[in-house]
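Visitor: Mind looking over this structure? Questions follow.
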Amino acid sequence: IGIDSDGHLRDAHHRLTASVEFGVSFPSLIVWGLSPSTYQVVDRGLIRSYSDILGLPPQVSEPLRLATSIATSNNRPSSADCQLYIDIGLASTLEAIVKFCPTARKIVSSSPIKLAAAITIMTGGDADYVLEQYRALVLSDYDKMSQASKSFTRQIASNTVTAQNGNGTRDLLARGIIVFDKDRKDITKIQVS
């Protein structure tokens, strides 16, 4: 059982959960004072997700990982790298977006689109507008979509937009930033170069 210097449980989650569920105790070695970064290399037989490492739901941890990956040019950034973006409020902004519209839908609720919404809000964009457009996209509520959002959904329907590779991810992020820009709400064609 591993507990880090901040008092967080870092190893034995499953064993301790099973112990509680079945009401059975077991002898075990307990190690206190581990470095918080130790968790990244404990039990490497099963790769820990960013959700596991950061203690955040996947709907938040994956866009956070994407932001960190782009910023650091590293496809597998460390939790310490991600912590910077947690500290500046990206995780809490993503949590607010997910709380506002917890429904998921292919492409429009993907990490790049959530990240585009969060970036827009954090850089001074109209949060109410961003949340409204995000929800309209995810729920396919065409009556509440701006022209830009409708254009984006047409591009998705015609398979012009995909998230199949790294370039697709960045393309989606760029398109999302355009969609959530209230000053560009009336555009009828989204082009990214």
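Visitor: If R₀ is 22 angstrom, what is the calculated FRET efficiency for the pair LYS99 and TYR129, using the beta carbon separation as r and rounding to 0.05?
Guide: Values: r = 17 Å, r/R0 = 0.78.
Plugging the Cβ-Cβ distance into 1/(1 + (r/R0)^6) gives 0.80.
Visitor: Heavy atoms only, probe 1.4 Å: what % of the accessible area of the chain goes to carbon and sulfur, would you let me know?
Guide: The nonpolar share, carbon plus sulfur, comes to 53 percent.
Visitor: Around LEU34, which amide H atoms from residues at least 5 apart in sequence, or from another chain, sit under 5 Å from its own amide H, with H modelled in the peptide plane?
Guide: ILE3, ASP4, SER5
Visitor: What is the local net charge at ILE190, summed over the other residues whose Cβ is closer than 11 Å to its Cβ (Lys, Arg +1; Asp, Glu -1)? Could the numbers behind the result be given before it?
Guide: Working: positive: LYS150, ARG154, ARG175, ARG184, LYS189; negative: ASP171, ASP181.
Value of the local net charge: +3.
Visitor: With the crude spin-label approximation of a point 7 Å out along Cα→Cβ, what separation in nm comes out for SER78 versus ASP52?
Guide: 1.9
Visitor: For LYS185, which aspartates and glutamates qualify as cross-link partners when the Cα separation must be under 19 Å and same-chain residues fewer than eight apart are set aside?
Guide: The qualifying aspartates and glutamates are ASP126, ASP128, GLU132, ASP141, ASP143, ASP171.
Visitor: Keeping every protein chain present and rolling a 1.4 Å probe, give me the accessible area per residue for region 75-193 in Å².
Guide: Per-residue value: 53 Å².
Visitor: Show me, for region 104-114, the HN-Hα J-couplings you get by feeding each phi into the Karplus relation (A = 6.51, B = -1.76, C = 1.60, θ = phi - 60°), rounded to Hz, glycine and proline as x.
Guide: 10, 8, 3, 6, 6, 10, 6, 4, x, 6, 4
The values are calculated or read from the model by the stated rules, or taken from the named source; none is laboratory data. Remember, it's a predicted structure, so these values are computed and weren't measured experimentally. Note: ideal-geometry Cβ built from the backbone for every residue, glycine included; neighbour counts use all protein chains shown. For accessibility, only protein heavy atoms count, side chains too; no ligands or nucleic acids. Shrake-Rupley method; radii C 1.70, N 1.55, O 1.52, S 1.80 Å.
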